[in-house]
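The values are calculated or read from the model by the stated rules, or taken from the named source; none is laboratory data. Quantities reported herein were computed from a predicted structural model and do not represent experimental measurements. Here the Cβ is made from the backbone with ideal geometry for all residues, glycine too, and neighbour counts use every protein chain on show.
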Amino acid sequence: MVGVSTIAKQTVREGARMSATTPGAPTDYSSSNRASRGPVSVPPALWRALVLAALAGPILLVVADFTTLFETHGPGYVHDVAGHTNHGFAMAVIGVVGVALWGLAARSRSPVAWGALAALGVAAAIVALGVDLGDTTTSGTLPSFQPAHSSPQVGFYLETLGAALMLVAGVGATLLSAPARGGVPDLGAQAPRTETDYQR
């Protein structure tokens, strides 16, 4: 009886091993699919657009500082105020630092550098909306006791657009250059040669 029970146990074990490797048995592919997905690649066109926008932003800030920020109108009176006159070359400084930081970020593709560029965009937005906006929409009285009012000019729109581009492009590049995204495309790298290219 002991010999029969031992043989039965071995038969059950071999049957269990065979059922585990049976071709028709259902397989759980969920874990393998999750593992095969890997990091998400960044489209080169999207990355190129973010890089160009991040460069255009600080350039616009520098240009805006030497452009008419707002204009004051009154009876027989018109006075133009440049950007650097109103905020003391703040936008020019942010723009120059932004261009240098853009060069570092574009070369190193570091999320920290892109985040710093976005922070400069926030600083530019604070100057534009917190300092310049009130002056471009104010009303008052001239020394001749005539009413006058101010209206924004091209310089204000340029600095606002530049700040927005730096902020949006900086945040977008920071998120896309994170390690979890699988890195960003090398815009200067050549595409790998195919078998057809070698035959040519």
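List, please: which pairs have Cβ atoms under 8 Å, are six or more places apart or on different chains, and start with a residue in region 85-102 that is at positive phi and end with one that is assigned to a helix (DSSP H, G or I) and of a type outside the set (V, I, T)?
Listed by first residue and then by second, the contacts come to F89/D65.
In region 75-92, is there at least one residue being β-branched (V, I, T), assigned to a helix (DSSP H, G or I) and crowded, with 22+ Cβ neighbours inside 10 Å?
no
Looking at (1) modelled with pLDDT of 90 or more; (2) under 28 Å from G88 (Cα atoms), can you tell me which one T141 breaks?
(1)
Just the residues that are without any contact (Cβ under 8 Å) to a residue 24 or more places away in the chain and either exposed (fewer than 15 other Cβ atoms within 10 Å of the Cβ) or closer than 30 Å to P179 by Cα (or both), please, taken from region 117-136.
Of everything in region 117-136, those that are without any contact (Cβ under 8 Å) to a residue 24 or more places away in the chain and either exposed (fewer than 15 other Cβ atoms within 10 Å of the Cβ) or closer than 30 Å to P179 by Cα (or both) turn out to be I126, G130, G134.
Among what's in region 145-183 and is touching a residue at least 24 places away in the same chain (Cβ under 8 Å) and assigned to a loop (DSSP other than H, G, I, E, B), pick the residue that is surrounded by the most Cβ atoms within 10 Å (Cβ to Cβ).
Of everything passing the filter in region 145-183, S177 is surrounded by the most Cβ atoms within 10 Å (Cβ to Cβ).
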